[in-house]
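Remarks on the structure that follows.
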Amino acid sequence: MNELLLRARELSQRISDLRCDFDLANDEARVAELEDRSSEPGFWDDAEAARTLMQELSVARERVETWRSLERRVRDASDLLELGEAEGDESVAESAGADLDAAERDLVALEFQLQLSGPYDSRNAILAVHAGAGGTDSQDWADMLLRMYLRWAERKGYSTDLLDMTEGEEAGIKSATLEIKGKYAFGYLQSERGVHRLVRLSPFNSASARQTSFAKVEVMPEVEEVGEIQIPEDDIRIDVYRSSGAGGQNVQKNSTAVRITHIPTGIVVTCQNERSQGRNRDSAMKVLEARLLEREVNRLEEEKARLKGQHVDVSFGSQIRNYVLHPYKMVKDVRTDFETSDTTAVLDGEIDGFIAAYLKSRVGEES
C-alpha cells in the first residue's frame, strides 16, 4: 500500500511538471477567451473565421480536458489508497494499482507528444517519394517505400489519398505524391525526410548482382488555414495534358492531367490520378501550397539556427537510413544509430521505432 501511495505521488509530480512544459495555464486562458468570443453577438456572421476559431477552441479544450482527467484519475487513486490505509482495507490496492498503471501509460503517451509540439506537427502530411539514379532498381525501391508508408498509415488508422504517381518503364515508380490524413501525421513523418539507401541482390539483373539503390522522401505539412499561403493568380501557370496510363482502354482521351508552375520559385507540381481536371487542379494546388509552406518553415529554421550559431541542413537531400537485405539483414538510421534486423517488418510499415528515436534526438538537440 505504501509503495502504491509513493507511486501515486510521483505520478502527480510528473503531471505537475509536464503541465508547465505544455503551458497548460496558457491553454486554459485561451479556452476561456475563445468561449467568450464564440458567445458574442454576430460571431457567425463570418462563417469561415468562426469555424477556424471553433476548431482552435476544440483542440485547446481537448488538451485541457485530457490533463484534467489524468490529474483526477491519479488523485482519485491516491485518495482511495489513503482511505484503504486508514481503514486497514488492503482490497483497494489491486483496483488502485490498475488505475495507476493506466494513468501512467497515458502519461507516457503525453510525454511523447511533448516532442510533437511544433506549430505544424499536428497537421496532415503531404509525402512524396522520388526514385534516384539506378534505373529500374531505384524505381522498384521507390515503390517499396511508398508501400511501406501506406502500410504505416494503415497501422496508425490514418487515411491516405494518392494525389499523383508516375510509373516506371519496367517496374516500380519514378515518383508518387501521397496525402496522409491523421492527427500528428506530419509530426511523425518529418523523421522520414531525406535519402533512403537500399542494398540487395537485384531482381532485375540476370546475374543477381548486389545493387545499391536510392530514393528521396519529402514530407510537407498540409496547409489548413484559409489565407495561410497566398498565391496570386499571376504567379502561376497552369498546363493541362493527357494522363499517362497503361495503354489500351485505359488511355485518357481527354486532357485531365494538370501541371502547375509557380513562376517566382520555379516549383512545378503535377496531378493526374483523378479523372476530373478540376479535381486534379485542386490536388495540385494543395501540393503547391504545402511546398510553399515548407519553404517558409525551412527559412525560419535556417534563421533560428543562424541566431544560435548552428548549421542546419534543410535540403533533406542527405542520406538518413540504410536498408541492407544482402549480405546480411539490417535497417539502420544514420542520424540516431537506431537499428533492427527485422527488415521484413520495417518494409511492412513498422517504422515507429525509427520515428521515436529521431524525435527524441531532436528534443535533445533543442534542449
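The values are calculated or read from the model by the stated rules, or taken from the named source; none is laboratory data. The structure displayed is predicted, hence computed values, not measured ones. With ideal geometry, Cβ positions are generated from the backbone for all residues, glycine too; neighbour counts draw on all protein chains shown. Ligands, DNA and RNA are excluded from the accessible area calculation, which covers all protein heavy atoms including side chains. Shrake-Rupley method; radii C 1.70, N 1.55, O 1.52, S 1.80 Å.
Miscellaneous remarks
- In region 149-176, the residues that are buried (at least 21 other Cβ atoms within 10 Å of the Cβ) and either modelled with pLDDT under 95 or of a type in the set (A, V, I, L, M) (or both): ALA153, LEU163, ASP164, ILE173, ALA176
- Every residue from region 288-306 that is hydrophobic (A, V, I, L, M, F, W, C) and either under 17 Å from ILE238 (Cβ atoms) or touching a Pro at 6+ places or on another chain (Cβ under 8 Å) (or both): LEU288, ALA290, LEU292, LEU293, VAL297
- Which numbered condition LEU5 misses (of (1) at pLDDT 90 or above; (2) open to solvent by less than 50 Å² (accessible area, probe 1.4 Å); (3) not acidic (Asp, Glu)): (1)
- ARG259 vs. criteria at pLDDT 90 or above, charged (D, E, K, R), at negative phi and surrounded by 14 or more Cβ atoms within 10 Å (Cβ to Cβ): yes
- So TYR184, is it among the aromatic types (Phe, Trp, Tyr) and either in contact with a Cys (Cβ under 9 Å, 6 or more places away or on another chain) or under 22 Å from VAL269 (Cα atoms) (or both): no
- Pairs, first closer than 15 Å to ASP352 by Cα in region 140-152, second of a type outside the set (Ser, Thr, Tyr) and in a helix (DSSP H, G or I), C-beta under 6 Å, six or more apart: MET148/LEU347
- Qualifying positions in region 26-64 - free of Cβ contacts under 8 Å to residues at least 12 places away in the same chain, of a type outside the set (S, T, N, Q) and open to solvent by less than 70 Å² (accessible area, probe 1.4 Å): ALA29, ALA32, GLY42, PHE43, ALA47, ALA49
- Residue within region 316-324 that is closer than 18 Å to GLY132 by Cβ, open to solvent by 40 Å² or more (accessible area, probe 1.4 Å) and assigned to a strand (DSSP E or B) present: yes
- Members of region 76-120 that are of a type outside the set (A, V, I, L, M, F, W, C), in a helix (DSSP H, G or I), touching a residue at least 60 places away in the same chain (Cβ under 8 Å) and within 26 Å of LEU359 (Cβ to Cβ): GLU104, GLU111, GLN113, GLN115
- Qualifying residue in region 66-86 (condition: open to solvent by less than 30 Å² (accessible area, probe 1.4 Å) and within 26 Å of the chain's Cα centre (by Cα)): yes
- The one condition from (1) among the small types (Gly, Ala, Ser); (2) farther than 19 Å from GLY194 by Cα; (3) open to solvent by 30 Å² or more (accessible area, probe 1.4 Å) that GLY97 does not meet is (3).
- Residue within region 159-182 that is in contact (Cβ under 8 Å) with a residue 60 or more places away in the chain and at positive phi present: no
- For region 39-56, filtering for residues that are more than 29 Å from the chain's Cα centre (by Cα) and under 21 Å from SER122 (Cβ atoms) leaves 0.
- Scanning region 189-217 for residues that are open to solvent by 30 Å² or more (accessible area, probe 1.4 Å) and either modelled with pLDDT of 95 or more or not hydroxyl-bearing (Ser, Thr, Tyr) (or both) turns up ARG193, ARG197, LEU201, PRO203, PHE204, ASN205, ALA207, ALA209, ARG210, GLN211, PHE214, LYS216.
- Only a single criterion out of (1) surrounded by fewer than 18 Cβ atoms within 10 Å (Cβ to Cβ); (2) closer than 27 Å to GLN115 by Cα is not satisfied by PRO221, namely (1).
- Annotation for region 295-318: no member residue is within 25 Å of LYS156 (Cβ to Cβ), among the aromatic types (Phe, Trp, Tyr) and at pLDDT 95 or above.
- Selection within region 218-228: residues that are at pLDDT 90 or above and part of a loop (DSSP other than H, G, I, E, B). The member of this set that is nearest to the chain's Cα centre (by Cα) is GLU222.
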